Amino acid sequence: MALRTLIRAPLFLMGLLTTGLAQLPLPASAPRGFWALPENLTVVEGTAAELRCGVSAPGSVVQWAKDGLLLGPDPRIPSFPRYRLEGDPTRGEFHLHIEACDLSDDAEYECQVGRSETGPELVSPRVIISILVPPKVLQLTPEAGSTVTWVAGQEYVVSCVSGDAKPAPDITFLQSGQTISDISASVNAGSQEKLFTTEATARVTPQSSDNGQLLVCEGSSPAMDTPIRVSVTMNVLFPPGPPIIEWPGLDEGHVRAGQSLELLCVARGGNPPAILQWLKNGQPMSTAWGTEHAEAVARSMLVMTVRPEDHGLPIFPPSAITILGSASQSENKNVTLSCITKSSRPRVLLRWWLGWRQLVPTEEMVMDGLHGGHISMSNLTFLVRREDNGLTLTCEAFSEAFTKETFKKSLILNVKYPAQKLWIEGPPEGQRLRAGTRVRLVCLAIGGNPDPSLTWLKDSRTVTEPRSPQEPRRVQLGSLEKSGSTFSRELVLITGPSDNQAKFTCKAGQLSASTQLVVQFPPTNVTILANATALRPGDALNLTCISVSSNPPVNLSWDKEGERLESVATPPRSAPFKGSAAARSVLLRMSSRDHGHRVTCRAHSPELQETMSAFYRLNVLYPPEFLGEQVLVVNAVEQGEALLPVSVSANPAPEAFNWTFRGYRLSPAGGPRHRILSGGALQLWNVTRADDGLYQLHCQNSEGTAETLVRLDVHYAPTIRALQDPTEVNIGGSVDIVCTVDANPILPGMFNWERLGEKEEDQSLDDMEKMSKGATGRLRIHHAKLAQAGAYQCIVDNGVAPPARGLVRLVVRFAPQVEHPTPLTKVAAAGDSTSSATLHCRARGVPNIVFTWTKNGVPLDLQDPRYTEHTYHQGGVHSSLLTIANVSAAQDYALFTCTASNPLGSDHTNIQLVSISRPDPPSGLKVVSMTPYSVGLEWKPGFDGGLPQRFQIRYEALETPGFLYVDVLPLEATTFTLTGLQPSTRYRVWLLASNALGDSGLTDKGAQIPITTPGLDQPSREPDYQLPTEQPAGPSGMPLLPVLFAVGGLLLLSNISCVGGFLWQRRLRRLAEGEERPFFPCRDGGPRVSTTDVEPYYHSMKNFSPQLPPTLEEVSYPRGFTHLEEADMAFPGHLYDEVERLYAPPGAWGPLYDEVPMGSCDPCWLEETYEDTRGIYDQVAGDLDPMEHDSLPFELRGHLV
């Protein structure tokens, strides 16, 4: 006793000290953690909610998160006006208070404590605020508040739908205050997320008692204290009760003839009330009646005078028979019953039947009844036997007056008697059953009325099924079943240890039967006891394994991570469930490698072939030790993230991880580009190549320290450091395009080359050799070709995005190649010493070309002020424009030669300067399409003579004399569809070209082609051949064009002389004043050149090399030079740099060709109307009429050489 007192005193003092410390304020150095955690809340919409959060973390930022969204540390929480933080922050109180909760507040919340110098961040468990939303309305069909009319006994369907709510509300129906059970309900999604609606349907069968009552739909929810209701009023139609005749003398039935008789007929109930009518011998007597709606009574009074023919008394049978008394009795006991009839006239006799056997009544009597009738009664007492059970006991009323009718009332006799025999069917006693075996016990009984109640008991306790659904159903108790006179009840068991040698009893009244089971089971529980909890390397640990109970006994063994251990047995102890217990111990010596290992005790039953196990996890305290899987090299991408992992083993976990890089310690709190994770790993972001190197890690816990080195290898995208641009090579030579990069890692196949070109064949590198060594890649070109010149791209991809791309231009040097148009280039100009002409020479070559000009083989003196040369260089294309001022027929109508030279060679071409003349005939006239009524033509225009030319088609039908003429519009067109032809007809077609000086040959009439139009039964086709141009056969008729010119000249002669003279005088006056300038009101103000706009000097050379860019003269020519954009070039940038001479400033040069002055005549030739009396000339609207040669001003006539 004294020793116990000495032990209790220190414990009492320690309790007081602990309680006092718990009540003291927490110091700043107290461990970080939560002292109050939030809990799940369920609140009703519109009410307030508060989540508690108590924190022991001085100097840390505390804030709440809602569904992962941080609300911020500001106690007012500005983004959420209904939210605020309550409590005293100095005491660590950060409670989240929410006013007027709505559905948006239904979310997950957590309290977060930021990281500080005292420790890492803390996060509370997530809790949920569940917002309950009550339903606002109920929608009832039929409409709430209305009155519905139904017929009694018929079934109707009523539906009720709730408004949005959370959770889904429960809907019940009340009919006249009574709950309707026949309801089907479904839950549907509401108008918003997390809201639901309930739709319920009820089947209603109204009765007469429901008339005027309410049918109510009631919605209830946990969010409401009082359910909401809507209702309709039921107007139930039902038939009235039988009519009753009320007359004071009805019982006597006597009345004198001539007496006035008043009879009242009353019908009660019914909706609507009854309609009454009096009948006598089937004939209507009166149809007047009255209704009292409040009492639902209909009345009709019949007033009549009795006549002798109304004499006679009524005869009526009993309306009902009633048996009084109980027909249920135990066997060998008396049953007493009484049979009573309703009033009848005359009286009836009664007799009793039991089955087919007639019984003798013990007493009979007759009493007066209503309406002058009589009531009969018979009493019966008899002894019941077991064999009488189930027989029909009948009371029968009969009379001679009702021979055609029989009146009966029957009951079923119920004789009670006990069961005759009771026994149990199941496994034989003594049979060994395995635990978990399904055992079926059946209790059977024979006979008995009422059916015997069979009850199962286990060791004198009634057997019941588990009530909770979560409990395993190891016992299934069947219901009472009947087969003939045999009754049974089944008990199904999943055997367990508690069933071993248990006594199962079945009772039926006073009878009982029992059986006993023998169950074999493995250990019910295996427990391990240890003599120590905190272990260190070198400590000894004693573990004891105890098997609580098993049947039969088990063998115990020990192992550690699969390695068997030697153990010692201990004395056994008593075991529950009438089984056997066992115990065994093992002694272990600890090391750091044992930490976390499991020491397992196995209890094996050889007879059951089953093993149960339990393990003890070793907790060994030891200093940090780096594991073999510790990563020593980490690869990262520049500007990306890097994670230097830590694979360290220690118990307890390391208290600190210190990282050092190049002698500098990284801050444990983190920095702008690094953070030390909770597991010690170092995370870096925005990594640069300067971060590459060795990082030293120092780990420490309460048991000791450890160090290791981790290398960070930073990969970065390639950067091109050297790329010779441009790279030049003579045609036929060899060259390397060298690309040098800075990259990490450097991979063997990271260099790739592309050739830039518009066409697929321009991009091929098949004839080139790709090489790479280290950080240098080469593209070697053997026997360079002109087609290989262009832009190449060096692409370097070492797996780190983005790949590096460098553009380099390959320049293939070659001798000049002058474009030689065919036929000989001709340039036309007026040789009146006032006009100018421009000669264009274009050549290709690299390097730049120098142009020289000769006239008739003599070098041209460019110092002469009449000669001006402009040179243009566009990549490998070079142009020289020679402008000749004050062209003189005598001096300048000659053959000019342009020679292009560079260090690799030279080339030349010839250009003929001629006078303004008639156009050359067009060539290449051919048929491109044909129908029965039209033909499509195409041609190539010839030299236009230095003036705008136009085309005219002349055709004739070979079977019809005369020619027809059609002018081609627009003027510059080179295709035309000739219409108005006849099917299956042969035609001959001529094409003429003309300008202001005349047509293209008056002798041969231009190009000619024969055609034959297809018939109507032949399909239109595209000709697969080209008809040759030929001269017309035979002599031609008078040319129509000169005639038309002459007629037009005569008609305009007077007007031209007057208007021309006036305009000439005005022009002379303006020239004197220095204001004259060319005037072209109908055509472009560009220079007038000696050929068409499509081919101004020569045949197009655009297809000479697909890789070359368009030339200056091909862009917007001949309307002056415009600046070219790099987007129009096939090469990126200028491959050949003569920037100072490539482009002229805007307006620096005038038009390439001097405008030919047109004098006082309007170049938009006046339209004249001519009518051919023979109708062979089809006039086309807008045609330009040719003019006589003599009508041209002198300046346009030139000098013929």
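In table form, for the structure just shown:
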read-out: Which listed residue, of VAL811, VAL796, VAL827, is buried (at least 19 other Cβ atoms within 10 Å of the Cβ) and under 30 Å from ASP920 (Cα atoms); value: VAL827
read-out: One residue from ASN886, ASN902 being open to solvent by 40 Å² or more (accessible area, probe 1.4 Å), assigned by the TED database to the domain that holds ALA837, modelled with pLDDT of 90 or more and polar (S, T, N, Q); value: ASN886
read-out: Hey, VAL989 open to solvent by 10 Å² or more (accessible area, probe 1.4 Å), among the β-branched types (Val, Ile, Thr), over 18 Å from VAL827 (Cβ atoms) and not in a loop (DSSP other than H, G, I, E, B) or not; value: no
read-out: Residues located in the stretch 959-980, provided they are in a strand (DSSP E or B), open to solvent by less than 60 Å² (accessible area, probe 1.4 Å) and either under 17 Å from PRO1010 (Cα atoms) or of a type in the set (Phe, Trp, Tyr) (or both); value: LEU964, TYR965, VAL966, PHE976, LEU978
read-out: Tabulated pairs, the stretch 150-165, first more than 24 Å from ALA189 (Cβ to Cβ) and assigned by the TED database to the domain that holds PRO227, second assigned to a loop (DSSP other than H, G, I, E, B) and open to solvent by less than 50 Å² (accessible area, probe 1.4 Å), C-beta under 6 angstrom, 6+ apart or interchain; value: TRP150/PRO206; ALA152/PRO206
read-out: Flag if GLN520 is polar (S, T, N, Q), assigned to a loop (DSSP other than H, G, I, E, B) and touching a Leu at 6+ places or on another chain (Cβ under 8 Å); value: no
read-out: Within the stretch 403-417, considering residues that are in contact with a strand residue (DSSP E or B) (Cβ under 8 Å, 6 or more places away or on another chain) and not aliphatic (A, V, I, L, M), the one surrounded by the fewest Cβ atoms within 10 Å (Cβ to Cβ); value: THR406
read-out: Among residues of the stretch 207-265, those that are on the phi > 0 side of the Ramachandran plot and at pLDDT below 80, counted; value: 2
read-out: Among (1) surrounded by fewer than 17 Cβ atoms within 10 Å (Cβ to Cβ); (2) polar (S, T, N, Q); (3) not assigned by the TED database to the domain that holds ALA202 - the single one GLN112 does not satisfy; value: (1)
read-out: Long-range neighbours under 6 Å by Cβ, at least six apart or interchain, first residue touching a residue at least 40 places away in the same chain (Cβ under 8 Å) and more than 15 Å from VAL151 (Cβ to Cβ) within the stretch 262-273, second open to solvent by less than 30 Å² (accessible area, probe 1.4 Å) and in a strand (DSSP E or B); value: LEU263/LEU302
read-out: Count - residues of the stretch 337-376 that are out of contact with any Gly (no Cβ under 8 Å at 6 or more places or on another chain), in a strand (DSSP E or B) and buried (at least 19 other Cβ atoms within 10 Å of the Cβ); value: 6
read-out: Unmet requirement for VAL812, which otherwise passes all of (1) under 24 Å from ASN902 (Cβ atoms); (2) over 60 Å from the mean Cα position of the chain (by Cα); value: (2)
read-out: Close pairs (6 angstrom Cβ cut-off, 6 or more residues apart or separate chains): in a strand (DSSP E or B) in the stretch 870-884, surrounded by fewer than 21 Cβ atoms within 10 Å (Cβ to Cβ) and basic (Lys, Arg) anywhere; value: HIS873/ARG1141
read-out: Pair list, Cβ < 7 Å and 6+ apart or interchain, from the stretch 436-451 residues that are charged (D, E, K, R) to residues that are assigned to a strand (DSSP E or B); value: ARG438/VAL492; ARG438/ILE494; ARG440/GLU490; ARG440/VAL492; ASP451/LYS482; ASP451/PHE487
read-out: Qualifying residue in the stretch 942-958 (condition: in a loop (DSSP other than H, G, I, E, B), open to solvent by 10 Å² or more (accessible area, probe 1.4 Å), in contact with a Lys or Arg (Cβ under 7 Å, 6 or more places away or on another chain) and over 30 Å from SER835 (Cβ atoms)); value: yes
read-out: Total residues in the stretch 709-735, condition among the small types (Gly, Ala, Ser) and crowded, with 18+ Cβ neighbours inside 10 Å; value: 1
read-out: Scope the stretch 118-150; condition among the hydrophobic types (A, V, I, L, M, F, W, C) and surrounded by 15 or more Cβ atoms within 10 Å (Cβ to Cβ); matching residues; value: LEU122, VAL127, ILE129, ILE131, LEU132, VAL133, LEU138, LEU140, ALA144, VAL148, TRP150
read-out: Odd one out for ASN686, checked against (1) open to solvent by 50 Å² or more (accessible area, probe 1.4 Å); (2) touching a Cys at 6+ places or on another chain (Cβ under 8 Å); (3) more than 17 Å from VAL633 (Cα to Cα); value: (2)
read-out: Failed item, numbered, when LEU433 is tested on (1) open to solvent by less than 50 Å² (accessible area, probe 1.4 Å); (2) more than 60 Å from the chain's Cα centre (by Cα); value: (2)
read-out: Residues satisfying the stated conditions in the stretch 427-449, i.e. part of a strand (DSSP E or B) and within 19 Å of PRO497 (Cβ to Cβ); value: ARG432, LEU433, ARG434, ARG438, VAL439, LEU441
read-out: Scan of the stretch 944-977 for residues that are under 60 Å from the mean Cα position of the chain (by Cα) and not aromatic (Phe, Trp, Tyr), ordered by number; value: LEU969, PRO970, GLU972, ALA973, THR974, THR975, THR977
read-out: The stretch 40-60: number of residues that are more than 18 Å from PRO222 (Cβ to Cβ), modelled with pLDDT of 90 or more and open to solvent by 60 Å² or more (accessible area, probe 1.4 Å); value: 2
read-out: Count of the stretch 850-865 residues which are assigned to a loop (DSSP other than H, G, I, E, B) and open to solvent by less than 40 Å² (accessible area, probe 1.4 Å); value: 1
read-out: Unmet requirement for ILE315, which otherwise passes all of (1) over 17 Å from THR406 (Cα atoms); (2) at pLDDT below 80; value: (1)
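Residues checked against (1) assigned to a loop (DSSP other than H, G, I, E, B); (2) open to solvent by 70 Å² or more (accessible area, probe 1.4 Å); (3) touching a His at 6+ places or on another chain (Cβ under 8 Å):
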residue: ALA636; (1), (2), (3): no, no, yes
residue: LEU643; (1), (2), (3): no, yes, no
residue: PRO654; (1), (2), (3): yes, no, no
residue: PHE657; (1), (2), (3): no, no, yes
residue: THR660; (1), (2), (3): no, no, yes
residue: GLY671; (1), (2), (3): yes, no, no
residue: ARG675; (1), (2), (3): no, yes, no
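The values are calculated or read from the model by the stated rules, or taken from the named source; none is laboratory data. Just so it is clear, the structure is predicted and the values come from calculations on it, not from any experiment. Glycine also receives a Cβ, built like all others from the backbone with ideal geometry; neighbour counts cover every protein chain displayed. These area figures cover heavy atoms from the full protein model, side chains too; ligands, DNA and RNA do not enter into them. Shrake-Rupley method; radii C 1.70, N 1.55, O 1.52, S 1.80 Å.
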